[in-house]
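To start, the structure itself, in structure tokens.
The values are calculated or read from the model by the stated rules, or taken from the named source; none is laboratory data. Model, not experiment: these values are computed from the prediction. All Cβ positions, even for glycine, are placed from backbone atoms using ideal geometry, and neighbour counts span all protein chains on display. Only protein heavy atoms, including side chains, enter the accessible area calculation; ligands, DNA and RNA are left aside. Shrake-Rupley method; radii C 1.70, N 1.55, O 1.52, S 1.80 Å.
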Amino acid sequence: MSAPAMRGTERVLRIVLAIAIVGGPLGYLVGGLLAPAIHTSGASTIDANAAADPVTNAVHVAAFVIASFLLPVGAAGLAYLCYRRMPWFATIGGLLGVVGWLPFSALAALDDLASTMAQRRDRGSYAALLDQFTNDTVMNTYLVVYVVCHLVAYVLFGIGLYRAGAIPLWAAWAMIASSPLTVVAFAFHDGGRTAVGVVALALLLIGGLPAAQSMVTARRRTLP
């Protein structure tokens, strides 16, 4: 007996979720590649933004903004994909993923703020203000929630999606490996941090591709 045809509304939902699963990490990856500065001092960040090409800098901010909308939706999509077979992994991972990605909007706005400061004639006078804003209690809370929650979530997603038959083993490992690699990136500075972070995001994107395909086709693998 064949499976019932997918309803039109469900198909639309699945397509949107599949786009978010791939588009979120892709937007983050593009923004990270084009970002003139990542987690440097206020003065260095403003100077780097002032020296950056205005077009590529605008694309970097736009990519982060788009990613800030898609990443939480994509996390919800991954949870939806493995809920039937792995409900606890889906529930915990989904909650951590959504909560972990929500602060990304604030981090994207911080890049926009640095870009705006760099365009002013008296940009040198804003360095201390940018440092104070970046390191205050609110932004540090956003950063901690962002780092801890979304990194744990993708370990759970990798396990849950594989066990649910939604992605192959190599994709699960790519998704899982992206989390510790992101932590390792914080041990580097400037170009090294960017390079390691880009590899981590590329793994997250690669791991998400089979998940997006499963979302659209509604197929499930048979575990060995």
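For this structure, a couple of remarks:
- Test: ALA166 is of a type outside the set (Lys, Arg), modelled with pLDDT under 95 and more than 23 Å from THR40 (Cα to Cα): yes
- Residue-level check: of (1) under 19 Å from ALA35 (Cβ atoms); (2) open to solvent by 30 Å² or more (accessible area, probe 1.4 Å); (3) free of Cβ contacts under 8 Å to residues at least 60 places away in the same chain, THR194 misses just (3).
- Any chance LEU205 is touching a Pro at 6+ places or on another chain (Cβ under 8 Å), at pLDDT 90 or above and closer than 18 Å to PRO25 by Cβ: yes
- Test for VAL152: is it open to solvent by 20 Å² or more (accessible area, probe 1.4 Å) and out of contact with any Ser or Thr (no Cβ under 8 Å at 6 or more places or on another chain): no
- For beta carbons closer than 8 Å, sequence separation of 6+ or different chains, a first residue in segment 116-137 that is on the phi < 0 side of the Ramachandran plot and among the β-branched types (Val, Ile, Thr) and a second that is surrounded by 14 or more Cβ atoms within 10 Å (Cβ to Cβ) and in a helix (DSSP H, G or I), the qualifying pairs are THR134/GLY42; THR134/LEU110.
- With respect to (1) open to solvent by 60 Å² or more (accessible area, probe 1.4 Å); (2) part of a helix (DSSP H, G or I), the lone exception for ASN57 is condition (1).
- Evaluation of VAL16 against (1) within 17 Å of GLY208 (Cα to Cα); (2) touching a Leu at 6+ places or on another chain (Cβ under 7 Å); (3) not basic (Lys, Arg) (one fails), failing number: (2)
- Within segment 30-40, tally of residues that are among the hydrophobic types (A, V, I, L, M, F, W, C) and either surrounded by 20 or more Cβ atoms within 10 Å (Cβ to Cβ) or modelled with pLDDT under 85 (or both): 3
- Only one of ALA90, ALA43, ALA76 that is open to solvent by 20 Å² or more (accessible area, probe 1.4 Å), under 19 Å from VAL155 (Cβ atoms), of a type in the set (Gly, Ala, Ser) and in a helix (DSSP H, G or I): ALA76
- Among the residues of segment 112-125, those identified as part of a helix (DSSP H, G or I), open to solvent by 50 Å² or more (accessible area, probe 1.4 Å) and within 25 Å of VAL59 (Cα to Cα) are ASP112, LEU113, THR116, ARG123, GLY124.
- Selection of segment 155-175 for residues being of a type in the set (Val, Ile, Thr) and surrounded by fewer than 20 Cβ atoms within 10 Å (Cβ to Cβ) yields VAL155, ILE159.
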